[in-house]
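Novice: First the structure, which I've put down as structure tokens, then a few questions once you've had a look.
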Amino acid sequence: MANNSIFLTPGPSELYFTVGDHIQKALQDKIPSISHRSLYYQDIHKFAVEQVKQLLNVPDDYHLVFTNSATEIWERLIQNCVEQETYHFVNGSFSTRFYEFAGLLNKKANKTEAEFGYGFDMSKVEIPDSAEMICFTQNETSSGVQTPKEDIYSIRAKHPEAIIAVDAVSAVPFLDIDFKMIDSLFFSVQKGMGLPAGLGVWIFNDKCIKKAETLSQKGLSIGTYHSIPSLLKNGVKNMTPATPNVLGIYVLAKVAEDMNRKGINVIRKETIYKSSLMYSILDQHPDFELLVEEKSHRSNTVIVAKVVNGSSSNIIKYLSEKGLNIGAGYSKYKNNQIRIANFPTHSKETFLQLGDLIKEYKFKEGA
Ligand SMILES: *Cc1c(COP(=O)(O)O)cnc(C)c1O
């Protein structure tokens, strides 16, 4: 693997192109050594919250707190927002794990399940009124299937009492969602934000807080240091319950600021340009087939194709020798699918180069 190669893997992925400079500045300013109970830290924390809220257009009355990962937030949501019953839209490895967490935490977990590579037909879904939280994985990173936001809104309209929780890990910042139609959204930073891993961002509204308080008053456990009340009690002071990933929060603030300067609409337009280009090249190539048949379910940020002649390892190796690292299929699809990340740090030029290399590639010769 060449040192100057570009990572188009769906997470971790290529770092946002300004990250190196921000880390260097942070080290110069000794950011990792400052106390997380100091004014310096509080300023960084406050700035990160402001910049991320601006980037994603989060309403003022929604709260934003930091955790260690998105996986952690699956657990925290179930602990804080569910007494007995959850409902999950399951269509790949990440949504499956979210669903399994509910069972592991002794909740009754219901689901509707779609085959790998497929989305959901909302007209056929029946969610019991007893479901306290309805969970979506808006962009299923394992299969490249996205759930249109209008579909999420339609479920919200039918179940106004339930907490609507959205895993948007590989969709942020591209996803342009109306927060008023959902109650919680979360992500970790090593995908679309292009940061080193080890930081989760959890956004939620007062409905989630009320639920956590109700469960707590009933004497139920809502966890320990990272419960909603504990995160908020510290959050209002621009602090965290435990020593946080200060460097990660600092760099997140800076990258979100860079993206805000560039303009989220420009980022979204570029993302659509690059995904259209790549889907069209893969669709026309005799050795590939798009995994997701339904156009409206095709992810803009994680592009997945089946390899119909040969093994994915050949094309992955060929591209990596040219300096471009794409992802293999997820888990059992490792050898017969490829996944290409399309995040803000991936330039149009990189996509044009990748597209040309894929067009030229013939499996019989390469195999
Ligand atoms: C990567 C990913 C996660 C897990 O993120 P961590 O930072 O590893 O906890 C959860 N959901 C989705 C959709 C993902 O792509």
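Where a number appears in this text, it was derived from the coordinates with a stated rule and is not lab data. This structure is a prediction, so every number in the text was calculated from the model and none was measured. When we count neighbours, we look across all protein chains shown, and the Cβ atoms used for this are built from the backbone with ideal geometry, even at glycine.
Novice: Give the Rg/Rh ratio for segment 249-358, taking Rg as the radius of gyration of the Cα atoms and Rh as the Kirkwood radius, to two decimals.
Specialist: Numbers: Rg = 15.0 Å, Rh = 14.9 Å.
With Rh from the inverse mean 1/r over Cα pairs, Rg/Rh is 1.01.
Novice: Calculate the FRET efficiency for LEU27 and ASP176 from the Cβ-Cβ distance with a Förster distance of 30 Å, rounded to the nearest 0.05.
Specialist: 0.30
Novice: If you take the alpha carbon radius of gyration of the chain and divide it by 2.2 N^0.38 Å, what ratio comes out, to two decimals?
Specialist: Computed over Cα atoms of the chain, the ratio equals 1.00.
Novice: Give the percent of DSSP beta bridges with both residues in segment 62-165 that are antiparallel, rounded to the nearest 5.
Specialist: So the antiparallel bridges amount to about 15 percent of the total.
Novice: Angle check, please: helix 19-28 long axis (alpha carbons) against the longest principal axis of the chain (alpha carbons), in degrees 0 to 90, nearest 10.
Specialist: Tilt relative to the chain: about 50 degrees.
Novice: Using only Cα atoms, tell me the angle between helix 246-262 and the longest principal axis of the chain; keep it within 0 to 90° and round to the nearest 10.
Specialist: Rounded to the nearest ten degrees, it is 60.
Novice: I need the peptides 212-224, 61-73 ranked by packing, meaning the mean over residues of other C-beta atoms within 10 angstrom, with the highest value on top. Numbers along the way, then the final one.
Specialist: On the way: 212-224: 14.1, 61-73: 19.7.
Ranked by mean Cβ neighbours within 10 Å, highest first: 61-73, 212-224.
Novice: Cβ under 13 Å from GLN217's Cβ, GLN217 left aside: what net charge do those residues give with Lys, Arg +1 and Asp, Glu -1?
Specialist: Taking every Cβ under 13 Å from that of GLN217, the sum is +1.
Novice: Can you put LEU55, LEU232, LEU39 in order, fewest other beta carbons within 10 Å first?
Specialist: Result, fewest neighbours first: LEU39, LEU232, LEU55.
Novice: In percent, what relative contact order does the chain have, based on Cα pairs under 8 Å that are 6 or more apart in sequence?
Specialist: After rounding, I find 24 percent.
Novice: To test your reading of the geometry: what angle, between 0 and 90 degrees and rounded to tens, separates the Cα axis of helix 348-360 from the longest principal axis of the chain?
Specialist: Helix 348-360 sits roughly 40 degrees off the main axis of the chain.
Novice: Still on this structure, please answer the following. Just for segment 91-219, what percent of DSSP beta bridges are antiparallel, to the closest 5?
Specialist: Working: 7 of 15 bridges.
That works out to approximately 45 percent antiparallel.
Novice: If you take every DSSP beta bridge whose two residues both sit in the chain, what share of them, in percent to the nearest 5, is antiparallel?
Specialist: Just about 55 percent of them are antiparallel.
Novice: Counting only helical runs of four or more DSSP H residues, what would the 222 nm mean residue ellipticity of the chain come to if each run contributes -39,500 (n - 2.57) and the total is spread over all its residues?
Specialist: Dividing the helical sum by the residues of the chain leaves -12500 deg cm²/dmol.
Novice: Considering segment 141-251, what Rg and Dmax in Å follow from its alpha-carbon atoms?
Specialist: Answer for segment 141-251, Rg first and Dmax second: 15.6, 42 Å.
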